[in-house]
1. Residue 23 - would you say it is more than 16 Å from the ligand (Cβ to nearest atom) and either small (Gly, Ala, Ser) or loosely packed, with under 13 Cβ neighbours inside 10 Å (or both)?
2. If we keep just the residues of the range 34-58 that are touching a residue at least 24 places away in the same chain (Cβ under 8 Å) and of a type in the set (A, V, I, L, M), which is farthest from the ligand (Cβ to nearest atom)?
3. Within the bounds of the range 62-70, is there any residue that is assigned to a helix (DSSP H, G or I), among the charged types (D, E, K, R) and surrounded by fewer than 12 Cβ atoms within 10 Å (Cβ to Cβ)?
4. Check whether at least one residue in the range 90-107 is surrounded by 17 or more Cβ atoms within 10 Å (Cβ to Cβ) and farther than 25 Å from residue 13 by Cβ, and report yes or no.
5. Quick one: in the range 59-95, of everything that is of a type in the set (Val, Ile, Thr) and closer than 19 Å to residue 19 by Cα, which residue is nearest to the ligand (Cβ to nearest atom)?
6. Restricting the first residue to the range 96-114 and requiring it to be part of a helix (DSSP H, G or I), which pairs with a second residue that is modelled with pLDDT under 95 meet a Cβ separation below 6 Å and a spacing of at least six or different chains?
7. From 5, 26, grab the single residue that is of a type outside the set (A, V, I, L, M) and modelled with pLDDT under 95.
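The values are calculated or read from the model by the stated rules, or taken from the named source; none is laboratory data. Please read these numbers as outputs of a predicted model, since none were measured by experiment. Note: ideal-geometry Cβ built from the backbone for every residue, glycine included; neighbour counts use all protein chains shown.
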Amino acid sequence: MKNSNFTSSFKFAFEGIIHAGMRERNFQFHLFAATVVIISGVFSRLSTIEWILLILCISGMLCLELVNSALERVVDLASPEIHVLAKQAKDMSAAAVLVFACASAIIGVLIFIPKWMEIFN
Ligand SMILES: Nc1ncnc2c1ncn2[C@@H]1O[C@H](COP(=O)(O)OP(=O)(O)OP(=O)(O)O)[C@@H](O)[C@H]1O
C-alpha cells in the first residue's frame with residue numbers, strides 16, 4: 001500500500017475531491033457557496049488582502065469538510081455499531097466545521113457589507 005510516487009499521490013488526492021464532489025451534500029453546498037462568494041468578490045472589487053482572507057476562508061472550509069467526511073468514514077469503519085466514542089468523534093468533527101463556518105461568515109460580512117454600502121451609496 002505504501003509505494004506510491006508523487007504523481008499517484010496527487011491522483012489519489014484528486015480522486016478524493018471528485019468523490020466528495022459527487023457524494024457529499026455538505027461539500028457540494030460549500031462548493032456552491034464558494035462560487036457565489038468568488039463571483040460576488042469579482043463584482044465588489046475587493047483588495048488583495050480581502051481576497052487573501054476570502055481564499056483562506058473558502059479553502060479552509062473545503063479542507064475541513066473533506067477531513068470531516070474522511071473522519072466519518074473511518075469512524076463507520078472502526079465502529080459500525082453505536083458507541084459513545086463514535087458519537088463524540090463525529091460530533092466534535094462536525095463542531096470543527098461549524099466553528100470555522102461561523103468565523104468565515106463573520107469575515108464575509110465584515111468584508112462585503114462595507115463594500116456594498118460604498119457601492120450603493
Ligand atoms: N457509530 C455511532 N455511534 C453513536 N452515534 C453515532 C454513530 N454514528 C453516527 N452517530 C451520531 O449520528 C450523527 C449523524 O451521523 P452520520 O454518520 O449520519 O453523519 P452526519 O453528521 O449526518 O454527516 P453527513 O450528513 O455529512 O453524512 C452523528 O453526528 C452522531 O451524533
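1. no
2. Step by step, filter the range 34-58, then rank; the result is 46.
3. no
4. Checking the range 90-107: not a single residue is surrounded by 17 or more Cβ atoms within 10 Å (Cβ to Cβ) and farther than 25 Å from residue 13 by Cβ.
5. This residue is 75.
6. Pairs that qualify, where the first residue is part of a helix (DSSP H, G or I) and the partner is modelled with pLDDT under 95: there are none.
7. Going through 5, 26 in turn, just one is of a type outside the set (A, V, I, L, M) and modelled with pLDDT under 95: 5.
For (1) in a helix (DSSP H, G or I); (2) out of contact with any helix residue (DSSP H, G or I) (no Cβ under 6 Å at 6 or more places or on another chain); (3) under 19 Å from residue 109 (Cβ atoms); (4) of a type in the set (Val, Ile, Thr), each residue gets a yes or a no:
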residue: 22; (1), (2), (3), (4): yes, yes, no, no
residue: 36; (1), (2), (3), (4): yes, yes, yes, yes
residue: 46; (1), (2), (3), (4): no, yes, yes, no
residue: 49; (1), (2), (3), (4): yes, yes, yes, yes
residue: 52; (1), (2), (3), (4): yes, yes, yes, yes
